[in-house]
Every structure is written in structure tokens, then in C-alpha cells.
Amino acid sequence: MVSTPTSEIRPQRGIAAARAAAAAGSVGWRVRLLLLALFVFAGATIWFTNVTLTQRFTETTRNRAELRLALYSANILSELQRNSIVPQLLARDPTLISALNSADYTQTTQRLLSFVDEIGAASLSLLDREGRTVATTERVKLGSNHRSEPYFVDALRSTETVFTVTPQDGVGFEFRYTRSVTVGNERLGVISVEVDLSKFERSWAGIFDAVFLADSTGQVILSTEPRWRGKSEQSALELVPATSAIERAIEGTSQWGPASRALLSGQGVMRQEARIPFRGWRLISFTGYTSVREQVNGVLALEIMGFAMLLALAFYLLNRRSVAQARGFQQESAELRSLNTRLQQEIAERQRVQADLKSAEQTLAQSSKLAALGEMSAAVSHELNQPLAAMKTYLAGAKLLLERKRAEEAIVSFRRIDDLIERMGAITRQLKSYARKAGDSLAPVDMRDAVTSALAIMEPQLKARKIRITKTLPQSPAIVLGDRLRLEQVIINLLRNAFDATNASDTAAVDILLTSGEQVLLAVRDNGQGIENLDDVFEPFYTTKQPGDGVGLGLAISSGIVTDLGGRLTARNAANGGAVFEVVLPIYRTEGEKENAAE
């Protein structure tokens, strides 16, 4: 063990004591700053809580008012719709028609009474052509005359059900559906169905909101405040005395737009409006949200109490642990210096790793460029083999035709060679576009023409081998939006793969099926050995052919072309042998066809 000389320990203790004294001297202003920060934090928290909770509770109150208003509107609309069909049904009732014809009304009142409970209407009445009540579920109205009432006059003049709102002296409004009872062209009487909307008014009386229903002219026809009926909204509000919290809030409201708010002396009001899809009616409510302040104050009281307890605890801890905190600060300073050193080391290591990574990325980018060049050269070789083979066949045919003095037929072969040369140039341009992933201009293409053109290009291979081709094309055009040359390139690749797959078969057969519906489907099927590895069939450079026969890019290029056109290319093995390749493309429709399909 190595001992430390006392002479060395004392200076160290002196330095520690000086540091402790300095720390003790700085405790006072640090405590004051900490307390000040605590007060600032408490004030900011209380302010933020007040604003946030006020908004949240206000929004909750507004959402509840909107939900309640939507429910009231749906109930009113449901009641109106349910009663609107009743006059039409009763106007066809044989018993009521017979009673009007024979003037025998002994059973009609009982008939109406049997319906009223089931229908839920306020009352049902049968009026003869003179407007006299001959049958009703309210016996006190039996025999009363309604000849001059608007609902009776309008019903006799119309062949449809008529809805009328009739003001009643001191009791609000009466809502009726009326319809004439007609036999042939003769008006026998009128069926009257009174709709009980006052029950909603009674149910609204149990809430603290002020609710009223206004018609298209703005006249109040239902209201929790009876004095509002028959008046406009502004006129109704001017009549309200400040006798309750909600009425004081309404009286103090200066803005009457949707969801406007006013806060006066802690009282609040919210105006909500819902439109009922019936004759321009509107349902309006005034919702007080004075409880918002109480809820917010409750939360604020808890926060203030928590901060007070925290402040007391802070005083207690600061008074007892000021010296310990000073020593802790010194230890933390040493730890921070050590941590700073380690961080500097880690930063240096990270910079070195980033430099290595940048170098690796540059190497990878160069390798990717070389791989892309290799793929492009292989693709050019693959795609130009077929036109070159066809040109060789046409040249041989042209030579024989010239030797036989058949120059005009040889000219046809030369024209086909010229077309193939144009096609080779277009293929190289398409391969460049494929490598850059650039978009080409697209046009409507009939897939039937693309299939026919591809078969014409493959004609030399068909003549060299005995292959049974079964072609099934639709009678109507199968139009897609694409590039005809690239589509022919896909079809040629699929046909060539099918021909190569049947090399070992004495009865080689290839089926081509084109269908058109919501999508255009092209299926190419062969009777070869099938596909061994379906997962890798569309991968670049994957091939089962012998070296020199193919580089494995045809299906990869075809898949990319179909995908660029918004379709998909899939492969599967047929149940009875062979492979099936399917190209699915979206059908092209004009704007008029799209509108017709949507209808």
C-alpha cells in the first residue's frame, strides 16, 4: 500500500474547504433563482392549464350541444316522415270511401280510433266535401266545419298530400297533413292527420338549453319559451327578461353567427343551429356553459395546492442539503469532464466511420454503374436477336425471289426488313428509357392489333417449326393506354418463351387468349415442361436456357414494361402441364364512358 504524505493531504483539505465555503456562499443566490424559477414555472403551468382546459371543456360542451341538436332534428324529421304517408294510405281505405259515398259514418270514427294508437298521430279526422268533420278521434270536434281552413282548401285543390302549419290562439301551432279522398275525378272528402310535434317541446323543457324550431321565414313554431312562438328570433330574444343565467347570457350575446360565444360576468352562451331537410326548417339552441369555469377552477385549485406543497418541500430540501448539493455539483463537474472526454473520443470514431462509409458508398455507386452497363448490353443483345433473325429470313426469301425474277414480291420483303430496322432503333430507345425509368407518351392501343403484329414478327420462327397456334380474340376492341411498340415487345417475349418451352415436344401448341371486361387480360399458354422456380422467373439474368440461347432479361424487361403501364405480369403452371403467363392491364375508357360507368 502506498501512503500519502500529510503535507500533501492538508493542502488538499484546504482546497476542499475553500471550495465548500465558496459553494456555501453561492447557495443563497442559487436558492433565490430556483424559487424564482419555480414561481415562474407554476404561473406558466397554471396559465397554460387554464387556457387548455377552458378550450377543452368548452369544446366538450359544444360537442354535446351539437349532438343533442342533431338528435332533436332527427326525431322531428322522423316524426314528420312517419306521419306523411298516413293520409295517402287512409285516402285509399275502402271503409272510409264507402262511408263518404253512402253518408253512413257509424263505423268511421271507430275505424280511425283503431289506427291512431298504432300510427302515433295526435288525431285523425275525416271531412266530407263540405268541410264538415264526419269522423274523428277527438269526439269534441265531431261535426265542426273546416270549409274555410287552408289545409282543407289546399287538399281539395291538390292531388298530393298537403302539409300546413296553422297558428292557434295562445297555444302555439297546429301541424297537419291533409289529402283529398278521390274516386275517379270526384273529390269525396279530405283525410286530416294532425302531427304531434308539441311532445318534443315538452321533452325539451327538461333541459337547461333554450331550444326553438323556426320555419323557412324565420318564424318560431316550437320553443321551450312559450312567448317566443310566432315571432322571429331577434324579436323573441328582445322579449326575454334577465331572470335566469341562460337568459342573461342570451341577452348579453352580441354575435348571432353559428357557434358564437359570449362571456359576461362568468356566464356563457353558445348558439347552435341545425337545418332540418324539411321545408327549410331550422332548429336553434342556446346552451349555457357556465360550469366550464367551475371545472377549470377545480383543476387549478388542485394545481395550486400541488405547487404549494412542492414549494414547501423545496424549502425543506434546500435548507438541509445545500452543502451536499455543492459537493454533488463538484462531483458532477468531474463526471461531466470525463463524459466530455469520452464524447470527444466517440465523435472522432464516428467521423472515421463516416469517412469509411462515404468511401464504400462511392465504390458501390461505381459498381452499380458497371452492373447497369452490363445489364444494358445484355438487354440490347436479347431484344435485337429476334429482329435480326427475322431480317435474315426475309433476306434469304428476297434473294430467292430475285433469282426467280419476282422483284415485286422481293420489294415486300425489303419493306419488312426496313420495318424491322425501324423496330430495332425503337427498341434501343425503349431500352434507354427503361434504364432511366423515364416516362413515355402513351396512347390508346387495341391489344388485338398488338397480338396480330407480334405474331407477324414471329412468323419466321413459326415457319421453321411445326407449332399449333390457337388464337382467341374478342369481337370488340380491347383498348388499353400504352405504347404499342412496348406492348408488342412484351407479347413477342412471351411467345418466344412459349416456343422455346415446347422445343422438346412433338406436338407443340401455344394458346393465346385475349379477353376484355373491367380489365384487359392476355394469357399465353404452352404445353411444355412448366416453370421450376416461379419465385425467380422475373429476376434479371435468370434463365433455364443453354448458354447462347438467352440471357434471362426478356421476362424482367416485360414485367417492368407492364408495371409502368399500370398492370401486372404473372406466371403459373397449368394443372395439366405447361406454363401460363398472364398480362392484366386496365381498360382504357373515354370521359363519356367513365361517366356512363359511374351512373
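The values are calculated or read from the model by the stated rules, or taken from the named source; none is laboratory data. All of these numbers come straight from a predicted model, not from anything done at the bench. Note that we place each Cβ from the backbone using ideal geometry, even for glycine, and neighbour counts take in every protein chain shown. Remember, those area values only see protein heavy atoms, side chains included, never the ligands or the DNA or RNA. Shrake-Rupley method; radii C 1.70, N 1.55, O 1.52, S 1.80 Å.
With respect to the stated conditions, ASP418 is modelled with pLDDT of 80 or more and open to solvent by 30 Å² or more (accessible area, probe 1.4 Å). Considering the conditions (1) at negative phi; (2) crowded, with 17+ Cβ neighbours inside 10 Å, GLY131 is excluded by exactly one of them, (1).
Checked against (1) more than 15 Å from LYS471 (Cβ to Cβ); (2) in contact with an Asp or Glu (Cβ under 7 Å, 6 or more places away or on another chain), ALA504 passes all but a single condition, namely (2).
The residues in segment 95-128 that are part of a strand (DSSP E or B) and surrounded by fewer than 16 Cβ atoms within 10 Å (Cβ to Cβ) can be counted, and the count is 0. Residue count for segment 492-527 satisfying the condition of being open to solvent by less than 10 Å² (accessible area, probe 1.4 Å) and hydroxyl-bearing (Ser, Thr, Tyr): 1. Considering the conditions (1) modelled with pLDDT of 85 or more; (2) under 30 Å from ALA70 (Cα atoms); (3) crowded, with 16+ Cβ neighbours inside 10 Å, THR166 is excluded by exactly one of them, (3).
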